[in-house]
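Remarks on the structure that follows.
The values are calculated or read from the model by the stated rules, or taken from the named source; none is laboratory data. Note that the coordinates shown come from a computational prediction; the quantities given were computed from them, not determined experimentally. Virtual Cβ from ideal backbone geometry, glycine too; neighbours counted across all protein chains shown.
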Amino acid sequence: MWTNWSGGQRCRPVATARPLDEAGVAGVVRRAAERGHTVRPVGSGHGFSDLAVTDGVHLDASVFSGITAVSSDGRGDRATVRVRGGTTVGDLQEALDERGLALRVPLDLRGPTVGGALAVGAHGSAPRGGSLSEAVLGMRLVDGRGRVRDVARADLDAARTSLGALGVVLDVELAVVPAAPVRVTRSSRPVEEVLDPDFWEGHDLAEAAFFPSAPTALARWAEYVDPAEVPAEEADEEDDEPRERTVGVTSAGATGRTALGGAVVVERALPRLAPSLNRVASRLARTVSATGAGHRVLSDPPAVRYEQTEWALPREGLPDGVRALLGALADGLETGLPVRMRFGAAESGWLHPAHERETGWVAVRVPRGTDPGPVLGRAAEVLRAHGGRPHWGTRHDSTAADVAAAYPRLPDFLRVRDDYDPDRVFTNPALARLLGD
Ligand SMILES: Cc1cc2nc3c(=O)[nH]c(=O)nc-3n(C[C@H](O)[C@H](O)[C@H](O)COP(=O)(O)OP(=O)(O)OC[C@H]3O[C@@H](n4cnc5c(N)ncnc54)[C@H](O)[C@@H]3O)c2cc1C
């Protein structure tokens, strides 16, 4: 029995294949098709949605791991790397850092694989920066007929966010940038302050978290800094213990995190006390800052497992959407975990939720063990009504009609899918629901 990270998705595949090379992947796809089975590539199972669920063959590509090539213009300004699809995002960011390189936008996730993160359009929180998908310059995959293919440039906007519908991603070429430290600050701020465009327009990286009934948000923002401006002792401390070290005020994100984690635990025992506990949790956060590699100082390992729905809202509608959401959730629905707001630039991927519009991401989570239906369902209703498109890797109930209405380039994507997977070897119920067959 396969289960995802949250425990909310389960399936019993007819077989789980772990091929060791490209020819092995191609063989698994061909043999499955001959036997009338479907195939789903699977990464780390960190998705919350049912995209990886199958009663056919699970194809685990985790053996395809690591950076295989680096090229640069000599100054590092236009560097590219080739990375294999089963590499975890955590390993990718560490391996880049060792080479003095970094993703253009640091990702606050470790476990998901590159193949899985690209399939769903996984993003960070740079108001002017793109997702991992946007960094893709080339891709090699095994298609539905078992052919190893280099994705043609004309098909790249389909492949960079494909829902895993075009093939098994073997490796990708990514644009990367010279590594530069970021100075990150965490502070509690009035909700209306973080809903003002000045908040996200004023920083390289920005995000905020809210409890529906609390007057303040936990805000986090960061700027890139010149490595020469980082005092040596600060940089050293950062490398040793990035999460606990603070420069300036008090004891780190750990304070806020412990307070929030505590709110969840107590809330499950004493649900009627939750709103006041959440108000206390918001006030407990103190202003702290830290400097270091983005993927380390922004890393926020979850204190509890949870279920999540996340929606990409058009940036201009974000403040109203968040206010409506907080109002709806405050009306007798408790999330137990803060609602998280992040940002991203417009994307070129035809099925990326931020396709062609600057985006505000809004994530609603409930701790594992809580019935996710009422909270996530209400959140989806409100966020869809505000122009939201669901994050493919999170829980939602969108249909082919919703996808057709939200994605103007869907016909182009389906044309590419007919080429790469004409027999629908890679389908499953989730893809049939979203793409129509
Ligand atoms: C703790 C946690 C933190 C997270 N943080 C973020 C975040 O900050 N930002 C964000 O955007 N998302 C975040 N996510 C969601 C996560 O990035 C996505 O769900 C991602 O898809 C998970 O990757 P995976 O390798 O686990 O893929 P899986 O869950 O195993 O699969 C997801 C999809 O990818 C496809 N797939 C997997 N491997 C391949 C491959 N080699 N070739 C083709 N298709 C493939 C699968 O078929 C499926 O459709 C988080 C999830 C968790 C649990």
- Message: Suppose we filter Ala208, Ala228, Ala235, Ala222 for residues that are of a type in the set (A, V, I, L, M), modelled with pLDDT of 95 or more and more than 21 Å from Leu337 (Cβ to Cβ); which single one remains?
- Response: Ala222
- What is the number of the single condition among (1) in contact with a Gly (Cβ under 7 Å, 6 or more places away or on another chain); (2) farther than 30 Å from Thr309 by Cβ; (3) surrounded by 21 or more Cβ atoms within 10 Å (Cβ to Cβ) that His37 does not meet? (3)
- Residues being part of a strand (DSSP E or B) and surrounded by fewer than 20 Cβ atoms within 10 Å (Cβ to Cβ) - total across segment 341-362: 0
- Item | Restricting segment 108-137 to residues that are β-branched (Val, Ile, Thr) and touching a Leu at 6+ places or on another chain (Cβ under 8 Å), the residue that is farthest from the ligand (Cβ to nearest atom) | Val136
- Would it be correct to say that Leu337 is outside any helix (DSSP H, G or I) and either closer than 19 Å to Asp402 by Cα or assigned by TED's automatic domain parsing to the domain that holds Leu118 (or both)? no
- Per the filter on segment 295-313, residues over 20 Å from Gly373 (Cα atoms) and out of contact with any His (no Cβ under 8 Å at 6 or more places or on another chain) are His295, Arg296, Val297, Leu298, Ser299, Asp300, Pro301, Pro302, Ala303
- Item | In segment 363-380, residue surrounded by the fewest Cβ atoms within 10 Å (Cβ to Cβ) [restricted to those that are part of a helix (DSSP H, G or I) and touching a residue at least 40 places away in the same chain (Cβ under 8 Å)] | Pro374
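The rows are residues; the columns are (1) of a type in the set (Ser, Thr, Tyr); (2) at pLDDT below 95.
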| position | (1), (2) |
| --- | --- |
| Leu337 | no, yes |
| Phe343 | no, no |
| Ser348 | yes, no |
| Trp361 | no, no |
| Asp371 | no, yes |
| Arg384 | no, no |
| Gly388 | no, no |
| Trp392 | no, no |
- Of the conditions (1) in contact with a strand residue (DSSP E or B) (Cβ under 8 Å, 6 or more places away or on another chain); (2) closer than 30 Å to Leu298 by Cα; (3) among the β-branched types (Val, Ile, Thr), Val57 fails just one. Which one is it? (2)
- Every residue from segment 1-13 that is within 11 Å of the ligand (Cβ to nearest atom) and either closer than 15 Å to Asp421 by Cβ or hydrophobic (A, V, I, L, M, F, W, C) (or both): Trp2, Trp5
- Which ones in segment 182-198 are touching a strand residue (DSSP E or B) at 6+ places or on another chain (Cβ under 7 Å) and within 16 Å of Gly321 (Cα to Cα)? Val191, Val194
- Task: Select from segment 383-420 the residues that are more than 10 Å from Leu351 (Cβ to Cβ) and among the hydroxyl-bearing types (Ser, Thr, Tyr) and list them in ascending order.
- Result: Thr394, Ser398, Thr399, Tyr420
- segment 54-70, subset crowded, with 20+ Cβ neighbours inside 10 Å and more than 24 Å from Val172 (Cα to Cα), residue nearest to the ligand (Cβ to nearest atom): Thr54
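Just one of Gly349, Gly377 is out of contact with any Lys or Arg (no Cβ under 8 Å at 6 or more places or on another chain) and outside the structural domain of Ser49 (by TED's automatic domain parsing); which is it?
Working: Gly349 fails: out of contact with any Lys or Arg (no Cβ under 8 Å at 6 or more places or on another chain).
Exactly one of Gly349, Gly377 is out of contact with any Lys or Arg (no Cβ under 8 Å at 6 or more places or on another chain) and outside the structural domain of Ser49 (by TED's automatic domain parsing), namely Gly377.
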- Query: Has segment 60-83 got at least one residue that is within 24 Å of Val304 (Cβ to Cβ), aromatic (Phe, Trp, Tyr) and modelled with pLDDT of 95 or more?
  - Reply: no
- Query: If you scan segment 257-315, which residues turn out to be under 25 Å from Val184 (Cα atoms), at pLDDT 50 or above, more than 16 Å from the ligand (Cβ to nearest atom) and in a helix (DSSP H, G or I)?
  - Reply: Asn278, Arg279, Val280, Ala281, Ser282, Arg283, Leu284, Arg315
- Task: Check Leu103, Leu51 and return the single one that is buried (at least 17 other Cβ atoms within 10 Å of the Cβ), closer than 21 Å to Leu163 by Cβ and either modelled with pLDDT under 95 or of a type in the set (A, V, I, L, M, F, W, C) (or both).
- Result: Leu51
- Unmet requirement for Ala95, which otherwise passes all of (1) in contact (Cβ under 8 Å) with a residue 60 or more places away in the chain; (2) of a type outside the set (D, E, K, R); (3) within 23 Å of Leu298 (Cβ to Cβ): (1)
- Message: Looking for something more than 12 Å from the ligand (Cβ to nearest atom) and farther than 14 Å from Leu59 by Cβ - is there at least one such residue anywhere in segment 14-33?
- Response: no
- Message: Return the residues of segment 367-395 that are within 16 Å of the ligand (Cβ to nearest atom), of a type in the set (Lys, Arg) and over 21 Å from His352 (Cβ atoms); say none if nothing qualifies.
- Response: Arg368
- Identify the residue in segment 71-92 that is part of a helix (DSSP H, G or I) and crowded, with 21+ Cβ neighbours inside 10 Å and, among all such residues, is nearest to the ligand (Cβ to nearest atom). Val89
